[in-house]
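Read the structure below first, then the notes.
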């Protein structure tokens, strides 16, 4: 048995690594770990990644297949990327072969070359340099082309045509050996004068300067910083100046942002500050753009990558700083398949590279806040707004017994008119898109429930339809009631489209911009809205959480939060934290510049302790109270959590699957006293997308005990017979109960 076995990872949901033989002609130059190979797998051929050269002799009883092709002479992934992949696979209990695929852009996963776009070029040969032009007297076009080559030496195929050199003339000169042809990668990045970097920097206040100085001192070690600044305190300017210091040393920075919608304005701001060696990376980019960004970062040709959660996998030649902006945001956690947290992977990546990392937020997650309280993270507080403006004033409005105008109280309508008349902008926040949450028959009480989910179908008007926001099912609005045949429907509740309809009628003299996922589907539509807002004209901004994240609206003086109660009575123990974060972030859009701001907070429970805490205190005092509650309940961050979920077309099958799994684990003695199991229970939304879901949540104050339990669970779940009737998932550090 040959010892020339290569251990290869393939992108399939199996835990094993697979060994392949190396053809004899490649024994002297085997592929290196981190390079791609083409391998046979069953009846398919797959693009795999070399994990290691196997020095063992292998199993004599087994017949090994040969690698078909080596795609990369040099590894595309460095040692740190392989280490990060290995940790992520073990921590999230997900197959390494699938995890490693996330480190490549789509084109490289498909086996395409790791090259920038190539173009054909033609250059003058020595023969062409000294060739007697008189010999081309009967070919004037060739003569003219050769004269152009002597003046310019080389042309790309495109530029040759632009100069009037035809394909036939080029071919003739090639045949005569007067020019030669070659291909060259078009590297889209130029060298940059580091002295010009950061030329647009702003003057910092004392707190900001202290934060920048602290970050600069930590350049050679793995320190985790919590940049805890109130909304409008200039957190971005702090890490911009810290990045300037990193780039001046010839190193790179990775900036993670929560939403694609923030990428264009972030990229624009960074380019104004740092020049053109800044790129964004997210799902809205095409394959070519993604590959160019990936290559630019891995070759050290790009100084800064700004990206959403998938950017955490991008190899960077000389990374010196990682920033996670709005670190509390749920978007950093992937909700399906490989359920990783980009924030937590960023923390481990910084640890591997021994570099500082900045977690920036006005509303830190309780996990991050607790780590700062126990001195795991160094806190940099920004307690003043960078412009000198004061925080907005909260005005609670109780809704009990009041008549509302499509969700707006008289107080909010009156203040909106007042601010618009003054020439200011008003932001109305409702985290519910569509026209109305449900359609009801007033004759018999029929409700527009989704047939595939335990949820109502939302009424949409453009076009008129019913739409489930959980499974994306859509159907026409019924002409008559499916239950009693009456035609007496009422749209119950209100969404952004319905509120927009009222605002346009009530404030007809002023533009109303509705910004939600329905109105921003077209490319660059969000940028167009943001450009209109920047003009500063009086208008109403109406939207969902798309408006709450990281935007600077200097002319917004009034924010109206229509439904402050949503989430306060959630079955999710994280519900209160999320509501507080969202309300604080939305409120922070008001009064950010010279004009003072106000926040109308509409609630049916204005005396609720958590509402009162936000109004009279701050997010941090609110969060400290929540931490005490979590500590008493032994929920994260005072315990570690994992969720195992099963789904099938039959509720009993899903339930029995979880039950049988727990029985098997118990037989193997992996249910230690340190584990607390909640379930099996149906998920809060048991039926979703046509399947029934059951789950068990596992809590432990000891991380090792939890992962020992998960190791055995994983081994049992990946048995070939396991998934015949159900689809299951493992979620480590889950953040959603849906």
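Do you know which residues across region 511-531 are in contact with a strand residue (DSSP E or B) (Cβ under 6 Å, 6 or more places away or on another chain) and outside any helix (DSSP H, G or I)?
512, 513, 514, 515, 516
Matching residues to (1) touching a strand residue (DSSP E or B) at 6+ places or on another chain (Cβ under 7 Å); (2) closer than 16 Å to residue 428 by Cβ; (3) not in a strand (DSSP E or B):
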| position | (1), (2), (3) |
| --- | --- |
| 478 | no, no, yes |
| 499 | yes, yes, yes |
| 541 | yes, yes, no |
| 560 | yes, yes, no |
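Restricting attention to region 702-734, which residues are loosely packed, with under 14 Cβ neighbours inside 10 Å, under 29 Å from the mean Cα position of the chain (by Cα) and under 16 Å from residue 662 (Cβ atoms)?
711 - this is the single residue of region 702-734 that is loosely packed, with under 14 Cβ neighbours inside 10 Å, under 29 Å from the mean Cα position of the chain (by Cα) and under 16 Å from residue 662 (Cβ atoms).
Quick one: how many residues across region 100-158 are free of Cβ contacts under 8 Å to residues at least 40 places away in the same chain, over 43 Å from the mean Cα position of the chain (by Cα) and in a helix (DSSP H, G or I)?
Total meeting the criteria: 20.
Does any residue of region 571-594 turn out to be more than 30 Å from residue 538 (Cβ to Cβ) and free of Cβ contacts under 8 Å to residues at least 12 places away in the same chain?
yes
Quick one: in region 158-179, of everything that is surrounded by fewer than 16 Cβ atoms within 10 Å (Cβ to Cβ) and touching a strand residue (DSSP E or B) at 6+ places or on another chain (Cβ under 8 Å), which residue is modelled with the highest pLDDT?
174
Hey, among 79, 52, 68, which residue is touching a strand residue (DSSP E or B) at 6+ places or on another chain (Cβ under 6 Å) and closer than 30 Å to residue 733 by Cβ?
The match here is 52.
Within region 428-452, restricting attention to residues that are outside any loop (DSSP other than H, G, I, E, B) and touching a residue at least 60 places away in the same chain (Cβ under 8 Å), which residue is nearest to residue 411 (Cα to Cα)?
Top of the filtered list is 428.
This table checks each residue for (1) modelled with pLDDT under 90; (2) surrounded by fewer than 21 Cβ atoms within 10 Å (Cβ to Cβ); (3) over 14 Å from residue 319 (Cα atoms).
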residue: 211; (1), (2), (3): no, no, yes
residue: 215; (1), (2), (3): no, no, yes
residue: 235; (1), (2), (3): no, no, yes
residue: 239; (1), (2), (3): no, no, yes
residue: 252; (1), (2), (3): no, no, no
residue: 259; (1), (2), (3): yes, yes, yes
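Out of everything in region 41-51 that is free of Cβ contacts under 8 Å to residues at least 60 places away in the same chain and surrounded by 15 or more Cβ atoms within 10 Å (Cβ to Cβ), what residue ends up being farthest from residue 98 (Cα to Cα)?
Per the stated criteria, the residue is 41.
Quick one: count up the residues across region 597-617 that are more than 33 Å from the chain's Cα centre (by Cα) and assigned to a loop (DSSP other than H, G, I, E, B).
Number satisfying all stated conditions: 5.
Of the residues 289, 327, which is part of a helix (DSSP H, G or I) and either over 21 Å from residue 89 (Cα atoms) or touching a helix residue (DSSP H, G or I) at 6+ places or on another chain (Cβ under 9 Å) (or both)?
Working: 327 fails: part of a helix (DSSP H, G or I).
Step by step, each of 289, 327 is checked, and only 289 is part of a helix (DSSP H, G or I) and either over 21 Å from residue 89 (Cα atoms) or touching a helix residue (DSSP H, G or I) at 6+ places or on another chain (Cβ under 9 Å) (or both).
Any residue at all in region 365-384 that is outside the structural domain of residue 616 (by TED's automatic domain parsing), modelled with pLDDT of 95 or more, under 22 Å from residue 86 (Cα atoms) and in contact with a strand residue (DSSP E or B) (Cβ under 9 Å, 6 or more places away or on another chain)?
So far as region 365-384 goes, no, none of its residues is outside the structural domain of residue 616 (by TED's automatic domain parsing), modelled with pLDDT of 95 or more, under 22 Å from residue 86 (Cα atoms) and in contact with a strand residue (DSSP E or B) (Cβ under 9 Å, 6 or more places away or on another chain).
Test of understanding: among 459, 426, which residue is modelled with pLDDT of 90 or more, within 25 Å of residue 560 (Cβ to Cβ), crowded, with 21+ Cβ neighbours inside 10 Å and not assigned by TED's automatic domain parsing to the domain that holds residue 596?
Sole residue among the options that is modelled with pLDDT of 90 or more, within 25 Å of residue 560 (Cβ to Cβ), crowded, with 21+ Cβ neighbours inside 10 Å and not assigned by TED's automatic domain parsing to the domain that holds residue 596: 459.
The values are calculated or read from the model by the stated rules, or taken from the named source; none is laboratory data. From a predicted model like this one, the values you see are computed outputs, not experimental measurements. Here Cβ is always computed from backbone atoms with ideal geometry, including for glycine, and neighbour counts include all displayed protein chains.
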